[in-house]
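Comments concern the structure below.
Quick note: the coordinates plus some simple rules give every number you see, no bench work behind them. Values in this document were obtained by computation on a predicted structure and should not be read as measured data. Virtual Cβ from ideal backbone geometry, glycine too; neighbours counted across all protein chains shown.
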Amino acid sequence: MKKVILALSLLFISCKNNQQPNIQNSQVIVKQTNENIEQTITANQDNFSIDELIDQRLIGMEANEDDKENDPYKKYSVDFTGACYSSDLCVIEVNKNKLTITNYYDPKIKVEINIKNIISEEKKLILKLENDSLTQLILTKFIKDLYLYKIEFKGSISEDIRMSKYLANETIISKFGGIDCGDFDG
């Protein structure tokens, strides 16, 4: 019996010496973790994801390099040469595994290319393609909150489709003046 009382006494004393966890320290750790998550989310908002392009039609655009204004709606416009002169304006559509490039005026002129690899680097999206003539397409977001992209590519595509220097989401084309060739007859 003495051994049991001695064991219980030792247990009681050892429990009494254990300090309760400091709740304030735990709250600070949780707060710091939440701040780190918020910073990570904020930092990743500029990342360019393929999801931004799914189910969108991107239309070929050009820039007036002489325009010194900071208004993108005045500086950029639909690729006039492809829209009015040669009728070979490009439309690009992307899904998770396929890139489709079409002639705006003749949708029968179409090139479909499987996407081998997608690399997202900050404001760039690099599409590695399974094609012998067009092997890579790079889209760069360069104006925040505006669906306007600079396009670079390695290789070539059909002569019936003009690969423009810029692309814009079709839903905002009218803000840039739309496609209007006026009285132009070709």
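Label separation (Lys116 vs Phe153): 1.7 nm, computed from points 7 Å beyond Cα along the C-beta direction. Taken one residue at a time, the phi angles of the range 169-176 give Karplus couplings (6.51, -1.76, 1.60, θ = phi - 60°) of 4, 4, 5, 10, 4, 4, 5, 9 Hz. Gly and Pro are set to x.
Work out, in µm²/s and without decimals, the Stokes-Einstein translational diffusion coefficient of the range 50-176 at 10 °C, 1.306 mPa s, Rh from Kirkwood over C-alpha pairs. Taking Rh from Cα pairs, D becomes 108 µm²/s.
Restricting the range 91-148 to GluC sites (Glu not before Pro) that sit in a DSSP loop and have at most 12 other Cβ atoms within 10 Å of their own Cβ leaves Glu122.
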